[in-house]
Structures are given as structure tokens and as C-alpha cells.
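Everything below concerns the one structure shown next.
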Amino acid sequence: MLDDRYMPKYRFRSVCDITADFLKQKGIKGLLLDIDNTLIYDETLTPLPGVKEWVQRMQSEDIPLVIVSNAIAPRVYITAKRLGIKEYIYSAKKPKSDGLLRAAEKLGLPIDSLAMVGDQLKTDMLAANTAGATAIFTDRARDEKIFKFYFKKARDGEKELLEEFERRKNGV
Ligand SMILES: [Mg+2]
């Protein structure tokens, strides 16, 4: 059974494809960012190609960024520092919406003017939809074959949901 709560509003191949122009067009004033497989490779502290420059571009366009991650403090702190992102929430417990709401409070912006960007439907997108933020899905950065087992549970049914998303987008 497909559940609309998991559905993204928009989908990008990579976070680096999100532009300030796009956000302004959609009335999105700031971004809440997942880290693993969105900004850095899972199980590493290595930024995905182009992410550092993308962060700088967003900042120069006055798009505020807050990391909202389920990871523990050191991992989130190191990532934020390396990428030059000042605001972050760790142990966010997505799909709960609390972390996203706290991030909105930090920015002093209403949650419905923000988008949550992440690579997991059942955590990031569900959290976005529950909190009232725009849900932006980015395709995960890892080769799925390697991480098949690791991802299996969290990603159950994800393929079907994304197919449904593409059908709706194309008006089928
Ligand atoms: Mg992730």
C-alpha cells in the first residue's frame, strides 16, 4: 500500500542540483539537510563531489542551511564544521518531526517555508511531511549493491514509492 506521507514533493539526483533560483521560485527560504548519503558518503566523513562548493553557493545566495541528522553529535559536528555549515541538530530521531521543528526555530522561519532534503523516504520524507516542510528527495550516493543488506530494512518498498512518484510527476 502506497502511503502519501512518504512521498517527496520534488526529486533531484544530487543535492548539488538544487539551485537558489529553484528554491526562490517555490517560496522555499531555507534547507534542512540530512547528511548520510546526502552530503557525505555513509560510514565515512567524506563529502560527496561538489557538496562543499554547493554549500558555499547556497550561502552566497542567502539560503540558510541546517543539518538535521539522526547521527550522533561528533559525526554531525565534524561534518558541519568541514562543510562550513553553522547550524546543526544531531540525534534528530527522524521520522519524528521534533528535530525539524527545532531547526526551524533556530532559523526563526516557519516550517512551511523550509524544505527537508534527504535520501530516505521513510525517515527524511516522512519527517518533512509530518512537520509541514517541503519534502525534497535526493537519490542516494552509494552503490546499492555494496550496501544492499545494510539498507534492506529502511528501504523496504522504496522502489515502488519512487515509481509512483515518477508516474504522478508525469501525470500518468
Ligand atoms: Mg541519509
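The phi-based Karplus calculation (6.51 cos²θ - 1.76 cosθ + 1.60; θ = phi - 60°) puts the 3J(HN,Hα) values of segment 11-23 at 9, 10, 5, 8, 4, 5, 7, 7, 10, 4, 4, 4, 4 Hz, whole numbers, x for Gly and Pro.
Once the Cα-Cα distance is subtracted from the 0.36 nm per residue extended length, the GLU105 to GLU160 segment shows a gain of 16.4 nm. Scoring 70-76, 121-127 by mean Cβ neighbours within 10 Å over their residues and listing the highest first yields 121-127, 70-76.
Shown here: the chain, whose C-alpha atoms stretch 39, 35, 28 Å along the first, second and third principal axes, sorted largest to smallest.
Estimated from helical segments only, the mean residue ellipticity of the chain at 222 nm is -9500 deg cm²/dmol, where each DSSP H run of four or more residues counts as -39500 (n - 2.57). Annotation: the antiparallel percentage among DSSP beta bridges lying fully within the chain is about 5. Scanning residues 5 or more positions from PHE12 or on other chains, those with amide H under 5 Å from its amide H are PHE137, THR138, ASP139, with H placed 1.01 Å from N in the peptide plane.
At full extension, ASP139 and GLN56 could sit 27.8 nm farther apart than now, given 0.36 nm per residue minus the alpha carbon distance.
For segment 110-116, 3J(HN,Hα) computed residue by residue from phi via the Karplus equation (6.51, -1.76, 1.60; θ = phi - 60°) reads x, 4, 6, 9, 10, 10, 9 Hz, glycine and proline entered as x. If R0 is taken as 22 Å, the Cβ-Cβ distance between ARG168 and SER113 corresponds to a FRET efficiency of 0.40. The aspartates and glutamates within cross-link reach of LYS96, meaning a Cα-to-Cα straight distance under 15 Å and a gap of 8 or more places when in the same chain, are ASP34, ASP124. Between PHE22 and THR44, what FRET efficiency comes out of the Förster formula 1/(1 + (r/R0)^6) with R0 = 22 Å and r the beta carbon distance, rounded to 0.05? It comes to 0.20.
In terms of surrounding Cβ atoms within a 10 Å radius of their Cβ, ILE78, ILE89 rank from fewest to most as ILE78, ILE89. Charged side chains reduced to their Cβ positions (Lys and Arg at +1, Asp and Glu at -1) give the chain a dipole of some 220 debye around its Cα centre. Taking a straight Cα-Cα cut-off under 17 Å and skipping sequence neighbours fewer than 8 places away in the same chain, the lysines within cross-link reach of LYS159 are LYS9, LYS122, LYS145, LYS148, LYS169. Here's how it looks for TYR41: its modeled amide H is under 5 Å from those of THR46, LEU48, which are all 5 or more places away or on a different chain.
Just so you know, all these numbers are worked out from the coordinates, no wet-lab data involved. Keep in mind the model is a prediction, meaning the values are calculated, not measured. Every residue, glycine among them, receives a Cβ derived from its backbone with ideal geometry; neighbour counts consider all protein chains shown.
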